[in-house]
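Asks: I have a structure here, written as structure tokens, and I will follow up with some questions on it.
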Amino acid sequence: MEHDADGRLLDREPIEPPASFVAQANVRESGIRRTFEREWPDCWERAGDLLDWDRGYDAVLAGGGTEPPFRWFAGGRLNASYNCVDRHLDERKNQVAIQWEGRLGETETYTYLDLYREVNEFAVALRALGVEADDVVTLYMPMIPELPIAMLACARLGAVHNVVFAGFSASALASRMERAESRFLVTCDGYYRRGAATNQKNKADNARISLDHDVEATVVVSRLGDEMHLGERQYGYADLLTAHEGERVTPVARDATDPLFLIYTSGTTGAPKAVTHTTGGYLAHVAWTARAVLDVKPEDTYWCSADIGWITGHSYVVYGPLALGTTTVLYEGTPDHPEKDRVWRIIERNAVDVFYTAPTAIRAFMKWGAEYPARNDLSSLRLLGTVGEPINPRVWEWYYAHVGGESCPIVDTWWQTETGAIVISTLPGVDAMKPGSAGRPLPGIGARVVDGDGEPTAVGETGHLVLDRPWPGMPAALATGEGWASGGYPRRSADGWRYAAGDEATVDADGYVTVLGRIDDVVNVAGRRFSTMELESRIVEVEGVAEAAVIGGDDRDTGRAVYAYVSLERDYPGDDCLRARIEERVREGIGPMAIPEAIVFTPDLPKTRSGKIMRRLLEDIANGEALGDTSALRNPEILGEIESVVRRDPADEE
Ligand code: WTA
């Protein structure tokens, strides 16, 4: 295959999925998109049918589907924990549900029966601590089995979980608990990250102290095994299980439209945005896509390497695979510990069938070299997936050749925290693949690329990616229509309902969508979302800083990197000491993973006459590109003074 200078494919011959894969694929009807089109919205009954309902739904989508409220599976009642655990007991109680691979090489195995027991015992314990349906329970844990167990225990009670990524700082945790008015917290003593053990409980305690409201109970899992010092209203997880050994809770039936969880993500404002997902629509959508796109089968061992702290982990480490009754691998560590073949060893040892990861990880694997995957037997793999950011065709081909041995289809799945589940991808048993392009909208999904007037763009033209029809995994606020009013969701067009994803994309003649990246104030780095506004508001809190502009620049290793341009108060020295204070403020305010790759001090920021910072120009400078149109600038002379980026040494950060 030939490439241009940027590694884009010149010769875009689609690659057909191997016949051996197609023959066994869960979905292989070539006319499925047409069928779904004809039968929309009732086509989504196929997703609803993957679940067990306490009360069957009256309509797949009540209310016509042209204007909110959109009530998916209206009238239906179900419990997510029952669907992910109890209903599998008859057929596979001794099958592994969760295969945990610990940071230090230890492993733990939970069969569906083990999972059933522990989810029940912990649910009883939570109820005894006062948790009721609709209470928000915050879960602040790394990748340990107790995290999905706690999620399922909440779901069993109809409580709403709020998972906060373990790497977030105490103040980031506090703000998420504060806004969610969460009075319950489950955390752990600490966990291993790179060389050292981090003190998670300390962060959790600091967050709790700073809250305006009381936390009724904090449960602490012992991960490090050291003696724990529990204060008032703090409980050891293992003690609670012992106290409630063998006890059971009847799963609480929830309306399909009731919340299952909320998750905070980066929006276009300075504050994190809460996205709430529903019990019926969300669960049906993740189960259907895990089956149709990731081709998950109950007998599979399936591994999605995402952290449960983000949406990918919710949907495709926990809910999707467990709803389908498969074995899901949970890996606590990093891919290069103790050696750079750790991922491939886990695949070999567990005979993983389906592996789903992010382009940033694949780029790292590629940099480390093909000898690492080659050392291990990867022949158990049947399908590969990627998510989180665009994948460059060269990286796609490396994944295809060196991990998949040219015999596994790759699904490049486009979706977001807001979509809840995959919405654009090839169907691996139906569609040909085009490296670098995610594929067509899934059956039953209305997605298009439009120009500024909302008209579909011509083939190859760049435009905004929008979803112009409701989908089952849509967030509750979009479904009720309240989200528009609160400004939590961008743009609603005059000529019909439409959700603008905040991404830029093109479409080719076959309808394949190539996603280019974000066009709003969200930077996507290494598959993680950051709000430029949130970072800027932390940085300007530092003494001496006048203004800050945060942008996403190109980075050879991570794809994108966060750069901060900072102008200083008069005569304030822009030195390493100030740089360190800015880094510290970001670490405290958000977490180490948000520290910019580079902090560039500049006398002023490029601004329009109306005083708006022109981030695009800073991006051009950071990426070493020719500067775009500078005619709107009030202070064009500043461009010559802005230094090129000097990158931070990638320290031992999260
Ligand atoms: C980006 C992660 C290109 C996109 C599931 C989106 C992608 C943002 C892809 C959502 C993909 C995700 N190709 N870009 N296959 N998948 N993105 O909310 O910019 O953390 O808007 O959800 O990731 O990030 P989020």
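Asks: Tell me, how many Å apart are the Cα centres for the stretch 221-270 and for the stretch 137-171?
Replies: Between the Cα centre of the stretch 221-270 and that of the stretch 137-171, the gap is 6 Å.
Asks: Residue 447's amide H: which non-local residues (gap 5+, or another chain) put their own amide H closer than 5 Å, with H modeled 1.01 Å from N in plane and none for Pro or chain starts?
Replies: Under 5 Å from the amide H of residue 447 lie the amide H atoms of 468, each far enough along the sequence or on another chain.
Asks: Now, a different point. Within a 10 angstrom radius of the beta carbon, how do 185, 633 rank from fewest other beta carbons to most?
Replies: Ascending number of Cβ neighbours within 10 Å: 633, 185.
Asks: Another question, then. Which ³J(HN,Hα) values, rounded to whole Hz and listed in residue order, are derived for the stretch 388-399 from phi using the Karplus coefficients 6.51, -1.76 and 1.60 in 6.51 cos²θ - 1.76 cosθ + 1.60 with θ = phi - 60°, glycine and proline given as x?
Replies: These are the phi-based 3J(HN,Hα) values: x, 6, x, 10, 5, x, 4, 5, 4, 5, 5, 4 Hz.
Asks: Once you have a ≥ b ≥ c as the square roots of the Cα gyration tensor eigenvalues for the chain, tell me rounded if a/c is under 1.5, and otherwise prolate or oblate according to whether a/b is larger than b/c. Please list the in-between numbers first.
Replies: Values: a/c = 1.39, a/b = 1.14, b/c = 1.22.
Rounded, since a/c falls under 1.5.
Asks: In terms of modelled amide H atoms, which long-range or inter-chain residues lie less than 5 Å from the amide H of residue 139?
Replies: 162, 163, 164, 186
Asks: Given 269, 126, 531, which one lies farthest toward the positive end of the charge dipole of the chain, if we put +1 on the Cβ of every Lys and Arg and -1 on the Cβ of every Asp and Glu?
Replies: 126
Asks: Taking the Cα centre of the stretch 521-653 as origin and charging only Cβ (+1 Lys, Arg; -1 Asp, Glu), how large is the dipole, in debye to the nearest 20?
Replies: The dipole magnitude comes to about 460 debye.
Asks: Something else now. Students often forget the sequence filter, so: which lysines lie under 24 Å Cα-Cα from residue 203 once same-chain residues fewer than 8 apart are removed?
Replies: Those lysines meeting the cut-off are 273.
Asks: Which of the lysines could a cross-linker span from residue 340 if the Cα-Cα distance has to be under 20 Å and same-chain partners fewer than 8 positions apart are dropped?
Replies: Once the sequence-local lysines are set aside, what remains near residue 340 is 367.
Asks: So which GluC sites (Glu not before Pro) in the stretch 403-465 are both in a DSSP loop and have at most 13 other Cβ atoms within 10 Å of their Cβ? Please report the intermediate quantities before stating the final value.
Replies: On the way: sites: 406, 418, 461; in loops: 406, 418, 461.
Qualifying residues, ordered by number: 406, 461.
Asks: I would also like to ask the following. With +1 on the Cβ of every Lys and Arg and -1 on the Cβ of every Asp and Glu, and nothing else charged, how large is the dipole of the chain about its Cα centre, in debye rounded to the nearest 20?
Replies: The calculated dipole for the chain is roughly 700 debye.
Asks: Let a ≥ b ≥ c be the square roots of the eigenvalues of the Cα gyration tensor of the stretch 521-653; is it rounded (a/c under 1.5), or, if not, prolate (a/b larger than b/c) or oblate?
Replies: Details: a/c = 1.66, a/b = 1.22, b/c = 1.36.
Here the stretch 521-653 falls in the oblate category.
Asks: Rounded, prolate or oblate: pick one for the stretch 78-333, where a ≥ b ≥ c are the square roots of the eigenvalues of its C-alpha gyration tensor, a/c under 1.5 means rounded, and failing that, prolate if a/b is larger than b/c, else oblate.
Replies: Since a/c stays below 1.5, the shape of the stretch 78-333 is classed as rounded.
Asks: Sorted by average packing, counted as other Cβ atoms within 10 angstrom per residue and highest first, what order do 315-321, 503-509 take?
Replies: Output ranking for 315-321, 503-509: 315-321, 503-509.
Asks: About the Cα centre of the stretch 78-333, how large is the charge dipole given +1 on each Lys and Arg Cβ and -1 on each Asp and Glu Cβ? Please answer in debye to the nearest 20.
Replies: Dipole of the stretch 78-333, to the nearest 20 debye: 580 debye.
Asks: Only helical DSSP H runs with n ≥ 4 go in: add -39500 (n - 2.57) per run for the chain, normalise by residue count and round the 222 nm mean residue ellipticity to 500 deg cm²/dmol.
Replies: Calculated from helices alone, the mean residue ellipticity at 222 nm is -7000 deg cm²/dmol.
Asks: Enumerate the lysines that residue 297 could reach by cross-link, defined here as Cα to Cα under 27 Å, with residues fewer than 8 away along the same chain left out.
Replies: Qualifying lysines at Cα under 27 Å: 93, 434.
Asks: Also, I was wondering about something else. Each residue of the stretch 571-585 in turn: what ³J(HN,Hα) in whole Hz from Karplus with 6.51, -1.76, 1.60 and θ = phi - 60°, glycine and Pro shown as x?
Replies: Here the 3J(HN,Hα) series is 6, 7, x, x, 10, 5, 5, 5, 4, 5, 5, 5, 4, 5, 5 Hz.
Asks: Loop only per DSSP, at most 12 neighbouring Cβ atoms within 10 Å: give me the GluC sites (Glu not before Pro) in the stretch 114-168, ordered by residue number.
Replies: Counting only loop positions with at most 12 other Cβ atoms within 10 Å, the GluC sites (Glu not before Pro) in the stretch 114-168 are 132.
Throughout, read-outs are computed from the coordinates displayed, never taken from laboratory work. Given the structure is predicted, the values throughout are model-derived calculations rather than measurements. No Cβ is skipped: glycine too gets one built from the backbone with ideal geometry, and neighbour counts run over all protein chains shown.
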